[in-house]
Amino acid sequence: MRTGVGARSPVRRPPMPAMLTLILTLLASIAFAPSALADPLHPDEPTLARRGVLGVQLGYADGDARGVAIAGLIPGGAAERAGVLAGDRITAINDHPTPTHQALSDALRHGAEGQALQLTLWRQGETITRPVTLARRALELPGTTTTYGEVMTHHGYAVRSILTRPDDADGPLPAVFFIQGISCGSMDATTIADRGLLKCIQDVARAGYAVFMVDKPGVGDSAGPPCDEYGFDEEMQAFRAALTTLKSHPDIDPSRVFLVGISMGGIQAPLLAAEQDVAGVVVFGTGFVPWTEYMIANVRRQAALTGANAAQLNLVADAYAKFWSLLLYARLHPSEILDRHPDLAQYGFQPTDSVSAGRSVRFFTELHDSQWANAWSLVETHVLAIHGSYDFVCDRRDHEWIVEVINTLNPGKAEFFSADRMCHGMTVWESERQAIRSGMGTGEPSDAATEAMLAFFERAGGK
């Protein structure tokens, strides 16, 4: 070892702010053939049972071995009725430990409506237990009726469909198909804890549109393999079947069906619109650039908002560039990547098949291979790209590029809308830093994006 004048000191990595460490953990562990039945959305002999839900909004994965933190409760839900509080940690269900989001999801995966469970909670330094009865109720909106049906997929299993229709509408209705983000959460509106998204869905239904959603395979009531195991292509097959089935429904006007792609749904929407005719496409909080480039830009943006300095930003960006390039281009498994580059573990990467948002290696490699950005060049319908000015999950420029591609090929078909002070959770904040620190779905809902959507639908022939 060299010592004295001219000696080379070991390179010291600048310490990461605590909030940045949390964001890195979040990014690494969380971070986008129809049935032959006469009425495939509502078959006479349904095969899907209604599963029960706990009714909680989970906090970020923070690595705390005591259990999964509860960030919020769905009003009137099973957990709230059982006396569970925001801030509690679920440490076990029926004495089975739940140290991670995935363990909790596995414990609840087959829970039926009305099933009794025992929750073990960590609350302010004490371990307590609470009995809870899982429940799920239909969406209740004045002047509308919600029905729960199913769609048979190309793989031979059914996924849950949710259709909300205005009671006073006559004739075939215009419909809006909401395509959710990357996570494995249910789109059943009674379980959506993100207040902004829930209000948007409700307001579109109140405006006279049939609102349609499906749960992904293995999510909510849907049959199929667990969400953390299958790939992007299998998920797309379910959405294709759902869109085809929706357009064949006797109460829906197939010429007035719109897609609304949220986050990862905004990547999947153009792939659907390139294959099937739709009246228009709305994307919100989505991406356009290749996934590796997106992840590098995303972690830079979020790290800067949580207090990282320029040196730290470079280290984080380099780590993300290395991991995602090796995963998507060299096709190395995370375990192989961590064997070669063990230093990446400090940025939240794990040697498991679950890469980000609880999704698998297969999901991201198939996403990468889908070339979704090129699908926009095949979309000939009307397009609205919405970006919240405080959206710390995606970039305004990606949305502008989508509009640019459409208008280059079909002038005047696409438009861009910026929702002031709105974050990725469709809620408004005083600053982007406040949004990322507080939790994007917990603020006051923004009406700006919904109003822009409804005006767009009308211009595109929805009404």
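The values are calculated or read from the model by the stated rules, or taken from the named source; none is laboratory data. Owing to the predicted nature of the structure, the values given are computational and were not obtained by experimental measurement. Every residue, glycine among them, receives a Cβ derived from its backbone with ideal geometry; neighbour counts consider all protein chains shown.
Taking the criterion of being surrounded by fewer than 20 Cβ atoms within 10 Å (Cβ to Cβ) and either touching a Pro at 6+ places or on another chain (Cβ under 8 Å) or basic (Lys, Arg) (or both), the residues of region 313-327 that qualify are Leu315, Lys322. Filter region 34-74 for residues that are β-branched (Val, Ile, Thr), at pLDDT 80 or above and surrounded by fewer than 19 Cβ atoms within 10 Å (Cβ to Cβ) and give the result. None - no residue of region 34-74 is β-branched (Val, Ile, Thr), at pLDDT 80 or above and surrounded by fewer than 19 Cβ atoms within 10 Å (Cβ to Cβ), so the list stays empty.
Here His154, His96 are screened, and the one residue that is more than 21 Å from the chain's Cα centre (by Cα), closer than 20 Å to Thr47 by Cα and surrounded by fewer than 20 Cβ atoms within 10 Å (Cβ to Cβ) is His154.
Checking each residue in region 227-262 for being of a type in the set (Val, Ile, Thr) and either more than 23 Å from Val383 (Cβ to Cβ) or part of a helix (DSSP H, G or I) (or both) picks out Thr244, Thr245.
Mind listing whichever residues of region 402-420 are touching a strand residue (DSSP E or B) at 6+ places or on another chain (Cβ under 9 Å) and either outside the structural domain of Val383 (by TED's automatic domain parsing) or assigned to a helix (DSSP H, G or I) (or both)? Ile402, Val403, Glu404, Val405, Ile406, Asn407 - these are the residues of region 402-420 that are touching a strand residue (DSSP E or B) at 6+ places or on another chain (Cβ under 9 Å) and either outside the structural domain of Val383 (by TED's automatic domain parsing) or assigned to a helix (DSSP H, G or I) (or both). Do we find that Thr127 is among the hydroxyl-bearing types (Ser, Thr, Tyr), over 30 Å from Asp253 (Cα atoms) and either surrounded by fewer than 19 Cβ atoms within 10 Å (Cβ to Cβ) or assigned by TED's automatic domain parsing to the domain that holds Gly425 (or both) in this structure? So Thr127 passes the test. Looking at Ala116, Ala107, Ala169, just one residue is over 27 Å from Glu235 (Cβ atoms) and surrounded by 13 or more Cβ atoms within 10 Å (Cβ to Cβ), and that residue is Ala169. Selection of region 247-270 for residues being touching a Leu at 6+ places or on another chain (Cβ under 8 Å), buried (at least 24 other Cβ atoms within 10 Å of the Cβ) and within 25 Å of Asp167 (Cβ to Cβ) yields Val257, Leu259. Scanning region 361-370 for residues that are in contact with a helix residue (DSSP H, G or I) (Cβ under 7 Å, 6 or more places away or on another chain), modelled with pLDDT of 95 or more and small (Gly, Ala, Ser) turns up at least one hit. Taking region 75-93 only, how many residues are surrounded by fewer than 20 Cβ atoms within 10 Å (Cβ to Cβ) and assigned to a helix (DSSP H, G or I)? So the answer is 2. If you go through region 263-284 and pick out every residue that is touching a strand residue (DSSP E or B) at 6+ places or on another chain (Cβ under 9 Å) and either among the hydroxyl-bearing types (Ser, Thr, Tyr) or not in a loop (DSSP other than H, G, I, E, B) (or both), you end up with 14. Per this entry, His399 is counted among residues that are at pLDDT 95 or above, within 22 Å of the chain's Cα centre (by Cα) and surrounded by 23 or more Cβ atoms within 10 Å (Cβ to Cβ).
Go through region 254-313 and give me each residue that's more than 15 Å from Ala242 (Cβ to Cβ) and of a type in the set (D, E, K, R). Within region 254-313, Arg256, Asp277, Glu293, Arg300, Arg301 qualify. Just one of the listed residues (Ala375, Ala357) is over 21 Å from Leu454 (Cα atoms) and touching a Cys at 6+ places or on another chain (Cβ under 8 Å), namely Ala357.
Among the residues here, Arg340 qualifies as among the charged types (D, E, K, R) and at pLDDT 95 or above. When you go through (1) among the aliphatic types (A, V, I, L, M); (2) more than 25 Å from Ala112 (Cβ to Cβ); (3) crowded, with 23+ Cβ neighbours inside 10 Å; (4) modelled with pLDDT of 95 or more one by one for Leu197, which number turns out not to apply? All conditions are met except number (4). Summed over region 349-392, the residues that are crowded, with 23+ Cβ neighbours inside 10 Å and in a loop (DSSP other than H, G, I, E, B) give a count of 5.
Is there a residue in region 303-313 that is at pLDDT 95 or above and either assigned by TED's automatic domain parsing to the domain that holds Cys423 or not in a helix (DSSP H, G or I) (or both)? No, region 303-313 contains no residue that is at pLDDT 95 or above and either assigned by TED's automatic domain parsing to the domain that holds Cys423 or not in a helix (DSSP H, G or I) (or both). Considering only residues in region 171-229 that are hydrophobic (A, V, I, L, M, F, W, C) and closer than 24 Å to Thr100 by Cα, the one that is nearest to the chain's Cα centre (by Cα) turns out to be Ile182.
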